[in-house]
1. Are any of the pairs 44/113; 114/160; 35/275; 35/184 more than 24 Å apart by Cα-Cα distance, and if so, which?
2. Return the calculated 222 nm mean residue ellipticity for the chain, to the nearest 500 deg cm²/dmol, obtained by summing -39500 (n - 2.57) across DSSP H runs with n ≥ 4 and dividing by the residue count.
3. For a protection proxy built on the mean count of beta-carbon atoms within 10 angstrom, sort 259-272, 61-74 highest first, please.
4. Compute the signed sum of charges (Lys and Arg +1, Asp and Glu -1) over the other residues within less than 14 Å, Cβ to Cβ, of residue 269.
5. For a footprinting-style exposure proxy, rank 98, 159 by other Cβ within 10 Å, fewest first.
6. So what is the relative contact order of region 1-144, in percent, for Cα pairs below 8 Å that sit 6 or more residues apart?
7. Tell me, 193, 140 in order of fewest to most beta-carbon neighbours within 10 Å?
8. Can you compute the modelled spin-label distance between residue 99 and residue 276, with each label point 7 Å from Cα toward Cβ, in nm?
Amino acid sequence: MDCIICRYGELALKGKNRFMFEDRLVYNLRDCLNKNSITAEIKKVRGRIFVYTSDSAAVSSLKNVFGLVSLSPAVVVESLPDAIKEKVIDYAGSVVKHEKPTTFRISTKRTNKKFPKSSNETDIFLGDAVGNTFNLKAKMKGADLDVGVEIHEKTFIFHKTIPCFGGLPVGITGNVVCLIEDEKSLAAAWLMMKRGCIVFPLGRKEKYIDSLMRFSYGYDIRFTQINALSDIDGFAEKNNCRAVVVGDRFEDFELDKYGDIKTALLTPLIAYDEKMLSDLMGLIR
């Protein structure tokens, strides 16, 4: 592995503000690497972020950075047809040796328009080389081995795509207070982090927030103990928080129990049923 391809989704739809979302994502990625003592260099191109590192631990850490939809460990080569062919054969050979595929396909994406072959032409060019070298049968759907080739200024070769949690980079949409009372409250806070919020967890009793700390890249999350719910408004104003997040679902919610709170209430779990909540908790535990 020479680098990790980092892909993002809805950030690409942010129009003229897109650079702000991308820059915040890069900031959070760098914070993730630093907190996990991983040495790496980050480079950004349109639609992609490349993290140059050979540390395999980087993948398991980076996949918890909100804003990313997938990661692919990749090898890098100059964007020259013969150099790419040689590298793809070498890369496919190492995979064939360990995974024993019988079918394969090549999936090329070309953003570098100076490259002399189209994506389809590159698929055929590389597919002939791999198929003939390893006696594999080409299969366009459901192949055992799908070698991805992304041709930018450099070319990136990979065969695994690791899903991430998507959402928006933490810190891009503002601050909220999260009243932490139980696991449902942690799930509600996690959902707000996924939508780009910096969350300030607090409660009347000390709670473990390890499940949130694994995703809090871009800032240092800390639990604050308070004496009464009436303390929340002052805390929210001090920390520029415009809302208080609670973990109630529809059947749990009683407005009277939050009567001492004047700040706006948010209930991200309001429409969740038991199965939806259980599935969500499975993600963050």
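A short reminder: the numbers here are calculations on the coordinates, not readings from a lab. Computed from a predicted structure; not experimentally measured. Here the Cβ is made from the backbone with ideal geometry for all residues, glycine too, and neighbour counts use every protein chain on show.
1. Violating the 24 Å limit, Cα to Cα: 114/160; 35/275; 35/184.
2. The helix-only estimate for the chain comes to -10000 deg cm²/dmol at 222 nm.
3. 61-74, 259-272
4. Taking every other residue near residue 269 into account, the sum is -4.
5. Fewest-to-most ranking of 98, 159: 98, 159.
6. 25 percent
7. 140, 193
8. 3.5 nm
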